[in-house]
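The next block holds one structure in the form of structure tokens; read it before the comments.
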Amino acid sequence: MTVSTPMHQLITSVNHWWHSIPVAPGVITPGHKTPEILAKELQNVPLHLVQGKTVLDIGAWDGFFSFAAEAAGASRVVSLDHYVWGKDFGTGDEGRASPYWEAEWPGKIGYNVARALRGSRIESVTADFMAMDPASIGTFDVVFFFGVLYHMRHPLLSL
Ligand SMILES: C[S@@+](CC[C@H](N)C(=O)[O-])C[C@H]1O[C@@H](n2cnc3c(N)ncnc32)[C@H](O)[C@@H]1O
């Protein structure tokens with residue numbers, strides 16, 4: 001028998017998860033990036049260095065690394081994304097009826113659901129960082145830029 005709790009209904013209302021995010025004890029979102037892949041990637045992130053620091057996570061998608069920074073004690077975490085948050089991955093009626101659905105940013109529903117289920121306080125900015133005025137977002141102690149550089153038409157300019 002499959003048990004369908006409100007939490008599981010929320011998770012399945014998201015058609016496409018990029019990240020496998022722990023949202024409750026024993027509950028992990030079914031991400032394209034598996035827990036094993038993410039654990040391996042995290043080995044290259046010195047998370048202890050973000051304790052007490054402000055963190056900007058550029059290209060956050062579902063927010064796995066933003067949540068990891070928050071859990072590691074960052075004083076403030078801002079997740080920034082644009083392209084995938086604007087994509088509609090085909091979430092069905094249930095997803096569209098969800099309070100976490102943003103009509104203009106349908107691809108952000110996973111981030112919103114994970115944030116709510118984790119009781120997280122991380123903030124988000126929806127913007128193309130290549131087109132925005134950097135001064136508008138302020139400065140951060142640490143900037144995550146994971147899996148973004150190789151998407152850039154002008155990689156050096158993006159740095
Ligand atoms: C391959 S995903 C990496 C997601 C996550 N950082 C990770 O490592 O699993 C690249 C992300 O960068 C975002 N991105 C690409 N160009 C961007 C831009 N100009 N401004 C903001 N986000 C951008 C995409 O929307 C996408 O979420």
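Let me check I've understood the local charge: for Ala127, count other residues with C-beta under 10 angstrom from its C-beta, Lys and Arg +1, Asp and Glu -1. What total comes out? That sum, taken over residues with Cβ under 10 Å, equals -3. Of all the options Tyr100, Tyr83, Tyr111, the one that moves most in a Gaussian network model of the chain with Cα springs shorter than 10 angstrom is Tyr83.
Heavy atoms only, probe 1.4 angstrom, no DNA, RNA or ligands counted: give me Glu94, Glu104, Glu123 ranked by accessible area, highest first. Working shown, then result.
On the way: Glu94 110, Glu104 135, Glu123 75 Å².
The residues order as Glu104, Glu94, Glu123, largest area first.
Quickly estimate the mean residue ellipticity at 222 nm for the chain, helices only: each DSSP H run with n ≥ 4 gives -39500 (n - 2.57), and the total goes over all residues, rounded to 500. Can you show the working numbers first?
Working: 6 runs with 41 residues, N = 159.
About -6500 deg cm²/dmol.
A straight chain from Leu42 to Phe89 at 0.36 nm per residue would run longer than the Cα-Cα distance by 14.3 nm.
For Asp141, Asp81, Asp128, Asp93, write out the residues from largest to smallest accessible area, computed with a 1.4 angstrom probe and no ligands counted. Provide the component values of the computation, followed by the final result.
On the way: Asp141 100, Asp81 20, Asp128 60, Asp93 130 Å².
Correct descending sequence by accessible area is Asp93, Asp141, Asp128, Asp81.
Within the assembled protein chains, the solvent-accessible surface assigned to Met7 is about 50 Å², based on a 1.4 Å probe.
Using a 1.4 Å probe over the heavy atoms of the protein chains, calculate the carbon and sulfur portion of the accessible area of region 6-158 as a whole percent. Show your work: numbers first, answer last.
Details: 4660 of 8380 Å².
Taking all protein chains in place, region 6-158 shows 56 percent carbon and sulfur surface.
What residue among Lys87, Lys40, Lys53 has the largest mean-square fluctuation in a Gaussian network model of the chain, using Cα springs under 10 Å? In this elastic network of the chain, the residue with the biggest mean-square fluctuation among Lys87, Lys40, Lys53 is Lys40.
Available extension along the chain between Gln9 and Ser75 is 20.6 nm, counting 0.36 nm per residue and deducting the alpha carbon span. Each of Gly138, His8, Ile37 was scored by the projection of its Cα onto the charge dipole of region 6-158, and the greatest displacement toward the positive side belongs to Ile37; charges sit on the C-beta of Lys, Arg, Asp and Glu. A 1.4 Å probe over all protein chains sorts Ile21, Ile37 by accessible area into Ile37, Ile21, starting with the largest. Heavy-atom accessible surface of the chain, averaged per residue, reaches 57 Å², computed with a 1.4 Å probe.
The values are calculated or read from the model by the stated rules, or taken from the named source; none is laboratory data. Please read these numbers as outputs of a predicted model, since none were measured by experiment. Using ideal geometry, Cβ is built from the backbone for each residue, glycine included, and neighbour counts are taken over all protein chains shown. Each accessible area value is taken on the protein alone, full model and side chains, heavy atoms only, with ligands, DNA and RNA left out. Shrake-Rupley method; radii C 1.70, N 1.55, O 1.52, S 1.80 Å.
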